[in-house]
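Written out below as structure tokens is the structure these notes cover.
Taken together, the values in this text are just the output of simple stated rules run on the coordinates, not laboratory data. Since the structure is predicted, the reported quantities are computational estimates derived from the model, not experimental observations. Every residue, glycine among them, receives a Cβ derived from its backbone with ideal geometry; neighbour counts consider all protein chains shown.
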Amino acid sequence: MASIPVCSKDSPAEVLAALEREGCVVVRGVIDQAQRDAIARELGPYLETTDAGTSLNKKYEAEGGPADFYPGNTKRITALVAKSETFRTFVTHPLMTSVCDALLKPNSRTYQVHATAALVIGPGATEQMLHREEDPFQFFKVPRPNMIVASMWAMTDFTEANGGTHIVPGSHRWPQDRVARPDEVVAAAMPAGSVLLWMGGTLHGAGANRVDQWRYGVFLSYSLGWLRQEENQFIDVPPHLARTLPKPVRDLCGYRMHLGLGYSDVPPKSAQDEP
Ligand SMILES: O=C(O)CCC(=O)C(=O)O
């Protein structure tokens, strides 16, 4: 029976081993109630004014994406580095940097924020199609080097019934075209405060919500420093905002060079960083 390994945040070596082996892992007790309350407070005004319909699909379809990628009754807001101070502490969280140091740095001098989103799934939302974070990079055939690490931070409990993320353990090592059997798909069940991590090659998707409560998750992924970011951080976190952020956050948004890549005439540094 397929399952997602569960680790404590105090065992980073186990987290890493499970992630490499199964392509996914749940880490419990990463953020406390005060941090979840802060996220709810900071993102609340954006979520309140967000339509939970499927209008986002039109935007994605217009850009060449699938027409039905986002199942109904899901609120999705992006650009979280710009919107939430607490989220910025997730970006530099030691759990994430230790995993990215180990899995991404062998293939790139730096890594960067790839995409951010709050994904709040309401009653009646149907299951999302399984997909991989690496799908836009299919020009490189499998097996590929590690390119992306993704995570979902549980603001509420995640259950099989309320839309807990569907994951296919082990699928990060599959041929591109292998289709998952139903018994290979596992819903991430985890208490609020946990983080689900998965590899860029792991099949996953949002689960269906069959209960009368909203499932609230915060998504954060990282990619190799020389890849195109999924979410354009230079638009979503523009230079005037980047200058005000702590240097580690600004660097992770991509405001630093990878070897010769990414130079610019606009100084991203704040006055106090200048030598
Ligand atoms: O909401 C989830 O559990 C996963 C969402 C996802 O994979 C996506 O929207 O790309």
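Taking all pairs of distinct Cα atoms, average 1/r, flip it, and tell me the Kirkwood hydrodynamic radius of the stretch 176-221 in Å to one decimal place.
13.1 Å
Connecting C-alpha atoms closer than 10 Å in a GNM of the chain, tell me which of ASP157, ASP37, ASP177 has the biggest fluctuation.
ASP177
Please work out whether the stretch 19-113 counts as rounded, prolate or oblate from its C-alpha gyration tensor, where a ≥ b ≥ c are the square roots of the eigenvalues and a/c under 1.5 means rounded, while otherwise a/b larger than b/c means prolate and anything else oblate?
Verdict is oblate for the stretch 19-113.
Straight-line reach only, C-alpha to C-alpha below 30 angstrom: list the lysines that LYS9 could link to, leaving out same-chain residues fewer than 8 apart.
Reachable lysines: LYS75, LYS83, LYS105, LYS247.
Taking neighbour Cβ counts within 10 Å as the exposure measure, how do ASP265, ASP236, ASP68, ASP51 sort from fewest upward?
ASP265, ASP51, ASP68, ASP236
Could you rank the peptides 103-113, 19-29 by their average count of other C-beta atoms within 10 Å per residue, with the highest value first?
Going from most to least packed, we get 19-29, 103-113.
Explain nothing, just the number: relative contact order of the chain, from Cα pairs under 8 Å at least 6 residues apart, as a whole percent.
Rounded, it is 25 percent for the chain.
For the chain, what class follows from the C-alpha gyration tensor (a ≥ b ≥ c being the square roots of its eigenvalues): rounded when a/c is under 1.5, otherwise prolate if a/b is larger than b/c, else oblate?
Rounded.
With charges set only on the Cβ (+1 for Lys and Arg, -1 for Asp and Glu), what does the dipole of the stretch 25-144 come to about its Cα centre, in debye to the nearest 20?
With Lys and Arg at +1 and Asp and Glu at -1, about 340 debye.
Could you pull out every whole DSSP H run in the chain that spans at least 27 Å of Cα extent along its own axis and averages 1.6 or higher on the Kyte-Doolittle scale? If you can, show how the numbers build up before the last one.
Working: long enough: none.
Taking the DSSP H segments of the chain (at least 27 Å long, mean hydropathy at least 1.6), we get none.
Report the gain in length on full extension from GLN138 to GLU48: 0.36 nm times residue separation, minus Cα-Cα distance, nm rounded to one decimal.
Full extension from GLN138 to GLU48 adds 28.8 nm.
Quick one: if you stick a label point 7 Å off each Cα along the C-beta vector at ASP265 and GLN176, how many nm between them?
Modelled inter-label distance: 3.9 nm.
Using a 10 angstrom cutoff on alpha carbons, build the Gaussian network for the chain and name the most mobile of ILE121, ILE235, ILE31.
ILE235
What is the distance, in nm, between label points placed 7 Å from the Cα along the Cα-to-Cβ direction at ARG109 and at PHE69?
Label-label distance for ARG109 and PHE69, simple model: 3.1 nm.
Note down the magnitude of the dipole of the chain about its Cα centre, charges +1 on Lys and Arg C-beta and -1 on Asp and Glu C-beta and zero elsewhere, to the nearest 20 debye.
It works out to roughly 440 debye.
Can you give me the Cα centroid spacing of the stretch 70-111 and the stretch 136-157 in angstrom?
If we compute the Cα centre of each part, the gap is 12 Å.
Identify, among PHE139, TRP198, TRP214, the residue whose Cα sits farthest towards the positive end of the charge dipole of the chain, taking +1 on the Cβ of Lys and Arg and -1 on the Cβ of Asp and Glu, with the dipole about the Cα centre.
Comparing the listed Cα positions along the dipole, PHE139 ranks first.
What ranking of SER223, SER98, SER171 emerges when the number of other C-beta atoms within 10 Å of each C-beta is taken as an exposure proxy, fewest first?
Details: SER223 27, SER98 14, SER171 24.
Ascending Cβ contact count within 10 Å gives the list SER98, SER171, SER223.
Extension gain VAL211-ASP37, at 0.36 nm per residue separation less the Cα-Cα distance, in nm?
In short, 60.4 nm is gained.
For ALA2 and HIS258, what is the calculated FRET efficiency with R₀ set at 35 Å and r taken between the beta-carbons, to the nearest 0.05?
Computed FRET efficiency for ALA2 and HIS258: 0.45.
What spacing in nm lies between the two simple spin-label points modelled at ARG28 and GLU160, each 7 Å away from Cα in the Cβ direction?
Each label point lies 7 Å from its Cα, and together they span 1.8 nm.
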